[in-house]
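What follows is one structure encoded as structure tokens, with my remarks underneath.
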Amino acid sequence: MGRHVFVKTMTGTQRDAFEAAHLAAKKAGDELANFRARLAVATVCNEAGELLFAASDAVRLGETHAKSLDRVWEVARRLNGLTDS
């Protein structure tokens, strides 16, 4: 049985913070480490739009089933206009 989550659109400030964290990871040589999980942390929320995870949860989320994480990734990318570039 699957679980359902909500995925939100980030505010401009939240998007800037996500991108800054990505750039910091890139400089540290960890650009792709838990990238999908980090996007989930920034976008998975409850019905009221409150985020469900803290940045420290990214490692644990990265250990979840890849197919489930990919579903969240695709929705979060679409909602937030994230592209490969």
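Leaving ligands, DNA and RNA out of it, report the carbon-plus-sulfur percent of the accessible area of the chain at a 1.4 Å probe.
On the way: 3270 of 6020 Å².
After summing per-atom areas, the C and S share lands at 54 percent.
Averaging the inverse of every distinct alpha carbon separation and then flipping it gives the Kirkwood radius. What is it for the chain, in angstrom units? Don't jump to the answer; show the numbers that get you there.
Numbers: mean 1/r = 0.0764 Å⁻¹.
Hydrodynamic radius (Kirkwood, Cα only) of the chain equals 13.1 Å.
Can you give the helix-only mean residue ellipticity at 222 nm for the chain, where every DSSP H stretch with n ≥ 4 adds -39500 (n - 2.57) and the sum goes over all residues, rounded to the nearest 500 deg cm²/dmol? Could you put the intermediate results ahead of the total?
Details: 4 runs with 45 residues, N = 85.
-16000 deg cm²/dmol, from helical runs alone.
Considering only V72, V44, V59, give the residue with the highest GNM mean-square fluctuation for the chain, with springs between Cα atoms whenever their separation is below 10 Å.
Of the options given, V59 has the highest mean-square fluctuation.
Taking H placed 1.01 Å from N in the peptide plane, check which residues at least 5 places from V7 or on another chain put their amide H under 5 Å from its amide H.
C45
The values are calculated or read from the model by the stated rules, or taken from the named source; none is laboratory data. Note that this is a predicted model, so its numbers are computed, not measured. Side chains included, ligands, DNA and RNA excluded: accessible areas come from the protein's heavy atoms. Shrake-Rupley method; radii C 1.70, N 1.55, O 1.52, S 1.80 Å.
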